[in-house]
Amino acid sequence: MKKFAWLGLSVLLLGACSTNEAETMGAGNTLEEVVVEFNTGQTAEVAEEVVLSVTVTQGDEAVEDADEVVYEVWESGHRKDGEMITAQHTTDGVYEAETVFEEEGLYYLQAHTTARRLHAMPKQELTVGNPDPASIVPDDSEDSEGMDMMEGHSGH
């Protein structure tokens with residue numbers, strides 16, 4: 001009977017050690033959120049060059065090694081006709097691309113950002129020129145529509 005008691009106690013002790021080790025191992029694997037903030041203004045003129053710009057950070061650190069930053073740009077009501085513009089890293093976590101808007105309107109910019117195994121995709125409005133308010137369609141598109149466009153993108 002004593003043999004079974006020692007065997008049972010040994011199993012319990014080994015089980016407790018394994019559980020504690022697993023909890024400790026996972027404690028250091030928490031990923032801090034990647035934050036993407038637009039630097040681009042909210043207004044622009046027709047036919048002027050616009051710099052699309054975001055700053056990518058994680059905690060207090062500028063992210064200099066993002067896997068990909070791609071701007072999805074579309075006019076209100078026309079997301080399916082939007083375009084994907086690959087950004088380039090400049091400095092201090094800033095990723096930029098240039099474009100020109102040929103027509104007045106309300107445009108949406110979404111920065112699809114993949115960095116450090118995380119994905120962020122903030123969205124911003126950009127008013128170009130002085131569009132007729134009747135021409136503006138609220139954006140009720142799903143972000144998954146933009147993800148579908150990203151699947152075909154290979155700008156790594």
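The values are calculated or read from the model by the stated rules, or taken from the named source; none is laboratory data. Here the structure is a predicted model, which means the values were calculated and not measured. Backbone-built Cβ (ideal geometry, glycine too); neighbour counts: all protein chains shown. All accessible areas refer to the heavy atoms of the entire protein, side chains included, with ligands and DNA or RNA removed. Shrake-Rupley method; radii C 1.70, N 1.55, O 1.52, S 1.80 Å.
Is at least one residue of segment 43-54 small (Gly, Ala, Ser) and surrounded by fewer than 18 Cβ atoms within 10 Å (Cβ to Cβ)?
For segment 43-54, residues small (Gly, Ala, Ser) and surrounded by fewer than 18 Cβ atoms within 10 Å (Cβ to Cβ): present.
Give the number of residues within segment 117-139 that are more than 21 Å from residue 44 (Cβ to Cβ) and open to solvent by 60 Å² or more (accessible area, probe 1.4 Å).
Here the count works out to 2.
Within segment 90-110, identify whether any single residue is within 14 Å of the chain's Cα centre (by Cα) and surrounded by fewer than 16 Cβ atoms within 10 Å (Cβ to Cβ), and answer yes or no.
Within segment 90-110 (the criterion being within 14 Å of the chain's Cα centre (by Cα) and surrounded by fewer than 16 Cβ atoms within 10 Å (Cβ to Cβ)), the answer is no, since none of the residues qualifies.
Of all the strands (runs of 3 or more DSSP E) wholly in segment 1-88, which have at least 3 residues that are modelled with pLDDT under 95 and over 30 Å from residue 126 (Cβ atoms)?
Ranges flagged: none.
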